Amino acid sequence: MDEKTNSEQNSPSLTFEEKQKKLAQVICICKGIPLRTIIKALDGASTVADVNRKTGSGSGGCRGERCGPKIKILLKKKQEQKISAVKKDQ
Ligand code: FES
């Protein structure tokens, strides 16, 4: 039986364990917020401030100096995915 979900099949280079390890990777070091939480917050967010409000990231000692750029990249990737999905529908 194939243990992979649909989203995992989109990243064929990662095993299930590798993907879980990546999702547990801490993005906001000051607040200990993992990638998994940031990804969930990307839905409906269009700015880093939106993600910060949802997760509490950016409110640590560095005030978002370290996590802000990472979140910005994730937002850009999410927006690019939406654009490519729209193009495929057309
Ligand atoms: S790493 Fe997120 S506030 Fe410092």
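Summing Cβ point charges (Lys, Arg +1; Asp, Glu -1) relative to the Cα centre of the chain gives a dipole of roughly 420 debye. Using only Cα coordinates, the Kirkwood hydrodynamic radius of the range 14-89 works out to 12.9 Å. Residues whose amide H comes within less than 5 Å of that of Cys28, counting only those at least five positions distant or on another chain, are Ile33 (H built at 1.01 Å from N in the peptide plane). Per-residue 3J(HN,Hα) values for the range 33-39, derived from phi via the Karplus relation 6.51 cos²θ - 1.76 cosθ + 1.60 with θ = phi - 60°, read 8, x, 4, 3, 5, 5, 4 Hz in sequence order (x marks Gly and Pro).
Subtracting the Cα-Cα distance of Asp43 and Phe16 from their residue separation scaled by 0.36 nm leaves 7.4 nm.
Per-residue 3J(HN,Hα) values for the range 50-56, derived from phi via the Karplus relation 6.51 cos²θ - 1.76 cosθ + 1.60 with θ = phi - 60°, read 4, 5, 4, 5, 6, 10, x Hz in sequence order (x marks Gly and Pro).
Computed from the coordinates by the stated procedures, all read-outs in this text should not be read as laboratory data. As the structure is a computational prediction, the values presented were derived from the model and not from experiment. Using ideal geometry, Cβ is built from the backbone for each residue, glycine included, and neighbour counts are taken over all protein chains shown.
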